[in-house]
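Since the structure comes first, as structure tokens, the remarks are kept for the end.
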Protein chains: 2
Amino acid sequence: MSERVVPPDARRRRRPTKQGVVLSEELIIETALRLIEEHGTDALSVRRLGHALGADPSSLYRYFRHTDDLMLAIADELIGRTLRSWRPTGDWRADLWDLGLRMHAGALAHPRAAVLSAYRVTGRLHEIQAVETILGVLRDAGFPDGEAVRIYHAFVDQNLAFGALDSANSALPRAAREAEADVWRDTYARLPADTHPHIAATARHLAHSMRHSSYPAALDLLLSAAAARLENGRGDAGAD
Amino acid sequence: MSERVVPPDARRRRRPTKQGVVLSEELIIETALRLIEEHGTDALSVRRLGHALGADPSSLYRYFRHTDDLMLAIADELIGRTLRSWRPTGDWRADLWDLGLRMHAGALAHPRAAVLSAYRVTGRLHEIQAVETILGVLRDAGFPDGEAVRIYHAFVDQNLAFGALDSANSALPRAAREAEADVWRDTYARLPADTHPHIAATARHLAHSMRHSSYPAALDLLLSAAAARLENGRGDAGAD
DNA sequence: GTTAACAGGTCAACGGTGTTGTCATAAGGT
DNA sequence: ACCTTATGACAACACCGTTGACCTGTTAAC
């Protein structure tokens, strides 16, 4: 057997499938993203993807070694899209707020890719662009190098971590997710005040707040703390 | 068919399996945790768990409706273990700092389980205890209800999210993790200053910072922003 | 043009997964 | 000692990712 996966630029023969589709890395990624968007996370399997493409599932292994590789390719594409949709204004805090929310939304739109890629450093094109861009925003804002890196690190990891968390949650089967909402309304909201005073006192707030992601709140806290440090000129406290 | 799952206290007949094991919810959870820790996340399947228990896989459905239910039970057990090791002092910021680090460490100590359970609401005993405790710390500190809930939510989710993120990373095969460190030293540190000025300027900081978790930094930022709001009396700004 | 090589699509199979309907049996209340 | 029924066992279903072998249309070279 010759090498199964051939790098994109080495591909010469564009042979159509039985159903007349000419495969390509791009087409596969596009179709995968469409599948996820239209029919949910669970709709993405090699077999379904093959079917949606009009090709035998095993054909995909001519383009990607494993499903993992496909996921990383999708993730990189997502980073690129998010970055392209973002227009910095020069106000560092507003720009990072906007970028954070955009990246988070992008992750939520493609949960499986988000979960898989959150804890990996790919070193691919779009990822490098993102690092350079975010570091630029922070350094231009006046953060000294060590502090800029520290805040960059916290910002990115917080974003990835929440992206994966909320994605994993949203990827739950519909029934399971509704059951979770019920837990807050039924179990927690009914705890008696004498045994659980704090929950009882805030039950209404809890039932409401827990329905949404806390990422915006967490991001706001992070940026506001960073702003405070910048104002206090405490930025260069450490050499990290 | 009678109801498949019977609540624990309604169980009367302790019938041993063919291999002589007497099943119970506790034994199943214990065995599942052991399986995850010893052989990795992928080792946990209904079939493997059944085998490890010395029982037919389908027997487990007498104790848990789905694998989901099993995951929730595992998650709750982990929460309980962490909470029991924590002693509050009355200083809300120090207490939450300590609790955050403990929970994060607990997640890292059981990486595979942490990844599985991070995004679930269990509604079980230990989780309820944790909610009540953390809300109590915040309300006693003087945060009004809406703000207490908002900060509770951000605190907990950030903790779970980073726990899962760092766990997933630490659970990578050794070779893969070293390869990631190399990306920062080789790929990023070698980008030319004219195309990637910000990365080039901070390469040394990056290579150092990216080797560690940014959770302590993120937690510190969160708590410091919360403290600022408490001081400014801005706590009741929103009704949530 | 003809031809020969081989990239790339297809097929069938392997071993895994969660889950369920049905059956058998031993435990425990009476 | 009996009868009910809880609960474990079995077999089957429909999926999953992945791979080795096969076949054929495309393409480059002549």
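The values are calculated or read from the model by the stated rules, or taken from the named source; none is laboratory data. Keep in mind it's a predicted model, so treat the numbers as computed, not measured. All Cβ positions, glycine included, derive from the backbone under ideal geometry; neighbour counts span all protein chains shown.
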Inset, instruction - Within the range B:131-144, work out how many residues are in a helix (DSSP H, G or I) and in contact (Cβ under 8 Å) with a residue 40 or more places away in the chain. - result: 5
Inset, instruction - May I ask you to list the residues in the range B:54-65 that are within 23 Å of the chain's Cα centre (by Cα) and either within 20 Å of residue B:171 (Cα to Cα) or within 12 Å of DNA strand D (Cβ to nearest atom) (or both)? - result: B:64
Legend entry - Residue check, residue A:51 away from every other protein chain (no Cβ under 14 Å) and within 14 Å of DNA strand D (Cβ to nearest atom): yes
Inset, instruction - Kindly indicate the residue of the range A:36-48 that is charged (D, E, K, R) and within 13 Å of DNA strand D (Cβ to nearest atom) and also nearest to the other protein chains (Cβ to nearest Cβ) among those meeting that condition. - result: A:42
Inset, instruction - Could you grab the pairs with beta carbons closer than 7 Å, sequence gap of 6+ or different chains, first residue in the range B:46-73 and within 26 Å of residue A:180 (Cα to Cα) and of a type in the set (S, T, N, Q), second one assigned to a helix (DSSP H, G or I) and within 10 Å of DNA strand C (Cβ to nearest atom)? - result: B:59/B:50; B:67/B:46
Inset, instruction - Check whether at least one residue in the range A:94-101 is more than 14 Å from chain B (Cβ to nearest Cβ) and within 16 Å of DNA strand D (Cβ to nearest atom), and report yes or no. - result: no
Inset, instruction - Inspect the range A:112-130 for any residue being within 13 Å of another protein chain (Cβ to nearest Cβ), in contact with a Lys or Arg (Cβ under 6 Å, 6 or more places away or on another chain) and part of a helix (DSSP H, G or I) and give the result as yes or no. - result: no
Inset, instruction - Could you please let me know if residue A:65 is basic (Lys, Arg) and surrounded by 14 or more Cβ atoms within 10 Å (Cβ to Cβ)? - result: no
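Conditions (1) more than 16 Å from DNA strand D (Cβ to nearest atom); (2) surrounded by fewer than 19 Cβ atoms within 10 Å (Cβ to Cβ), marked per residue:
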site: A:80; (1), (2): yes, yes
site: A:105; (1), (2): yes, yes
site: A:111; (1), (2): no, no
site: A:119; (1), (2): yes, no
site: A:123; (1), (2): yes, yes
site: A:129; (1), (2): yes, yes
Inset, instruction - Pull up the range B:183-199, narrow it to residues that are more than 9 Å from chain A (Cβ to nearest Cβ) and in a helix (DSSP H, G or I), then point me to the one that is farthest from the chain's Cα centre (by Cα). - result: B:190
Legend entry - Boolean, residue B:182 is without any contact (Cβ under 8 Å) to a residue 40 or more places away in the chain and charged (D, E, K, R): yes
Legend entry - Some residue of the range B:135-152 being of a type in the set (A, V, I, L, M, F, W, C), in contact with a Phe, Trp or Tyr (Cβ under 8 Å, 6 or more places away or on another chain) and facing chain A (nearest Cβ under 7 Å): yes
Legend entry - Selection status of residue A:187, surrounded by fewer than 19 Cβ atoms within 10 Å (Cβ to Cβ), of a type in the set (Val, Ile, Thr) and under 29 Å from residue B:143 (Cβ atoms): yes
Legend entry - Residue match in the range A:11-24 (condition: of a type outside the set (Val, Ile, Thr), more than 14 Å from chain B (Cβ to nearest Cβ) and either more than 12 Å from DNA strand C (Cβ to nearest atom) or assigned to a helix (DSSP H, G or I) (or both)): no
Legend entry - Evaluation of residue A:33 against (1) more than 10 Å from DNA strand D (Cβ to nearest atom); (2) assigned to a helix (DSSP H, G or I); (3) surrounded by fewer than 19 Cβ atoms within 10 Å (Cβ to Cβ); (4) within 14 Å of another protein chain (Cβ to nearest Cβ) (one fails), failing number: (4)
Inset, instruction - Among the candidates B:209, B:214, single out the residue that is closer than 21 Å to residue B:167 by Cα, modelled with pLDDT under 95 and at the interface with another protein chain (Cβ under 7 Å from one of its Cβ atoms). - result: B:209
